[in-house]
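Taking it in order: structure first as structure tokens, then the write-up.
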Amino acid sequence: MKLEAELKSTKPMPPRQRATLNILFTASWLECHQARVLRPYGITHPQYNILRILNGSFPNGLSVLDIKSRMLDRSSNVSRLVEKLRLSGFVERVPHSGDRRMVVVTISATGKQLLTDIDKTQFTDHEAGPGHKLSESEAATLAELLDKFRD
């Protein structure tokens, strides 16, 4: 559906304003979609993001600061999110061997299994998930345009 119909707008918008509003609207729409998909698993999108980051660095762990620097939403309280994931058994915290003040966080086997289970849903299903109507070429172009938009 076109942005104007979603926003019930009848006035034409300048292209850059329309692009900005469309990005904001689509980001909100994606966030709601992701929340619905993740709700049955008992985790939020920032927690999912942390698990994906840790899975990408496996078998090495990362400090909380390293995790935060890789987050999509860098304003998240990563320490609190990591603690919730630890209490659920999805991550493990290990004291750093060289610095007693630092803690290294790694994904647990349970966390890896959770990611596998989530990957079986529409969340990562390219045939039915968000953007499934885009061709590979269109998706690549969109990604490039969004990179350019942020420059």
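Between ARG101 and LYS148, the modelled label-to-label distance comes to 4.6 nm, taking each label 7 Å out from Cα in the direction of the beta carbon. Summed over qualifying helices (DSSP H, 4 residues or more, each -39500 (n - 2.57)) and divided by its residue number, the chain shows a 222 nm mean residue ellipticity of -17500 deg cm²/dmol. With Cα extents along the principal axes in Å as the read-out, I listed (1) 91, 43, 23; (2) 51, 38, 25; (3) 60, 32, 28; which label goes with the value calculated from this structure? Entry (3).
What is the sum of charges around VAL82, taking Lys and Arg as +1, Asp and Glu as -1, for the other residues whose C-beta is under 15 Å from the C-beta of VAL82? Don't skip to the answer; put the middle values down first.
Numbers: positive: ARG52, LYS68, ARG70, ARG74, ARG80, LYS84, ARG86, ARG93; negative: ASP66, ASP73, GLU83, GLU92.
That works out to +4.
Pairs of Lys residues in the chain that lie 8 or more places apart, or on two chains, and have C-alpha atoms under 24 angstrom apart add up to 12.
Read-outs throughout are calculated quantities, based only on the coordinates presented, and are distinct from any laboratory measurement. This one's a predicted model, so the numbers in the text were calculated from it and none came from an experiment. Every residue, glycine as well, gets a Cβ built from its backbone with ideal geometry; the counts of neighbours run over all protein chains shown.
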